[in-house]
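Presented below is the structure to which this report refers.
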Amino acid sequence: MLHLRLKEAREKAGLTLEELAKKINISKRTLQNYESNKNEPTVSIVNKIAEFCYEDEIYLLTGNSEIKINYEKEILKMLNNSTKEEKEYIYHLIKVEYIKNKIS
């Protein structure tokens, strides 16, 4: 169900209702209504939620997780929406994981 996937994506991204609503330029109440299945968001709103929650918009809309993800595109999208400090943190996370995988 779309409303459950929206809530799950927001929570997985570590965002509060208020934080995500502000990022996608809607009210907290509107977002709450989407997550509680009182209202249905437009596709453009779902796309914005996907962008800020680093989730695949097709998955949010359909629930189909077997669609091939363009990881390069998704990583670039994350980086484009990140601050300098966040980019440095992401870089170090990737570097650590890369080194761990090379060692094992």
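The values are calculated or read from the model by the stated rules, or taken from the named source; none is laboratory data. Since this is a predicted model, take the numbers as computed values, not measurements. All Cβ positions, even for glycine, are placed from backbone atoms using ideal geometry, and neighbour counts span all protein chains on display.
Here are a few things to note about the model shown:
- Test result for GLU97, in a helix (DSSP H, G or I), modelled with pLDDT under 90 and not β-branched (Val, Ile, Thr): yes
- Residue count for region 54-65 under the criterion of being within 17 Å of GLU11 (Cα to Cα) and loosely packed, with under 12 Cβ neighbours inside 10 Å: the result is 1.
- Of the residues making up region 66-104, just one is exposed (fewer than 10 other Cβ atoms within 10 Å of the Cβ) and of a type in the set (Gly, Ala, Ser), namely SER104.
- With respect to the conditions (1) among the hydrophobic types (A, V, I, L, M, F, W, C); (2) in contact (Cβ under 8 Å) with a residue 24 or more places away in the chain; (3) in a helix (DSSP H, G or I), LEU15 lacks only one, and its number is (3).
- Selected residue (criterion: nearest to LEU79 (Cα to Cα)) from residues of region 11-67 that are over 14 Å from the mean Cα position of the chain (by Cα) and of a type in the set (D, E, K, R): LYS22
- Selection from region 46-75 of residues that are charged (D, E, K, R) and not in a loop (DSSP other than H, G, I, E, B): LYS48, GLU51, GLU57, GLU72, LYS73, GLU74
- Residues located in region 24-53, provided they are farther than 20 Å from MET1 by Cα and crowded, with 16+ Cβ neighbours inside 10 Å: ILE24, ILE26
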